[in-house]
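Reviewing the structure listed below.
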C-alpha cells in the first residue's frame, strides 16, 4: 500500500453492513469517506471507531452527508471528497433501503417501487458514472495494480424471488447487471469492478424478521448455520481493494454461508 492511504468512499456506512466495511478498511490502512443519508451521529460514531483502528498516520476519515438517490447530493458529496482528499481511489456502493411495508406483488405500490429503484439502483449506477470519470482523469495509482476499484454490494435477492419484496429483488437484480456493465466498460481503464452478494445478514434491516430467519438457518437454509455479519462483508471488501483478485474484474463473490448451493 502507498505511503499515502488510498481513499475509499463507502455509501451507507453510518451503521450496519457499511459500518462493518468502513471498520475493516480502517484496520487495513485505508482512508474512508463515510457516507450517511440522515443519521449524522451514527456516522460520527463510525468515524470515531475508524480513527481508533487506524494503522498509519496518513489515514483520514470524513463523514459526508448525501442521499445517493439525489443527483445534486451525489455531485456535492464527490466534490467534498475531492476537496478534502484530492482524489478517490475506490467506491463501495453499499447504500440501500428495504420496502417500508412488505407487500405481496399483487398489492405493492408504485411509490415503493420507485423509491427502491432510485436508491438501490439509479443512485449507485450514476454515482459510479461520476466516480469512474474522476478516476479516469486522475494521475498515478494508489491502489495495488489498479487506477481504481469499484464494488457493488447487491444481495441474494438479485436471484432469489421473494414475492413480498418484489421491488427490492428487482432493484438488486438490476444492480447486478450494473456491476457487469461497469466492469466491462472500465476494464480498459485499469479500473476493476466487482460484485459482493450478501446473504442473510444480521443488521437493522433484518431485525424485524430475526425469529423467522433464526428458525430457517437452524433448519439448514444456510449450510454454515449462522447469520452473516458486517465483518464478513468488510473482510471481503478489503481483499478486493487490496488487489488480491487483479485478473477477475466482473467477478461475483457470494457472502452467504453457502445459501446458493443446491443440495438434496
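The values are calculated or read from the model by the stated rules, or taken from the named source; none is laboratory data. Remember, predicted model here, so these are calculated numbers, not experimental data. As a convention, Cβ positions derive from the backbone with ideal geometry for all residues, glycine included, and neighbour counts pool all protein chains shown.
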Which condition number does residue 77 fail, the rest of (1) in a helix (DSSP H, G or I); (2) closer than 26 Å to residue 209 by Cα; (3) touching a residue at least 12 places away in the same chain (Cβ under 8 Å) being met?
(2)
For the range 145-157, state whether one or more residues are assigned to a helix (DSSP H, G or I), in contact with a strand residue (DSSP E or B) (Cβ under 8 Å, 6 or more places away or on another chain), modelled with pLDDT of 95 or more and farther than 25 Å from residue 16 by Cβ.
no
Check 196, 235, 240, 186 and return the single one that is closer than 16 Å to residue 16 by Cα, assigned to a helix (DSSP H, G or I) and modelled with pLDDT of 95 or more.
235
Residue check, residue 263 out of contact with any helix residue (DSSP H, G or I) (no Cβ under 8 Å at 6 or more places or on another chain) and in a helix (DSSP H, G or I):
no
Sole miss for residue 43 among (1) within 15 Å of the chain's Cα centre (by Cα); (2) buried (at least 22 other Cβ atoms within 10 Å of the Cβ) is condition (1)
Which residues, counting only those in the range 218-232, are part of a helix (DSSP H, G or I) and within 22 Å of residue 15 (Cα to Cα)?
230, 231, 232
Scan the range 160-170 and tell me whether some residue there is under 22 Å from residue 127 (Cβ atoms), free of Cβ contacts under 8 Å to residues at least 40 places away in the same chain and not in a strand (DSSP E or B).
yes
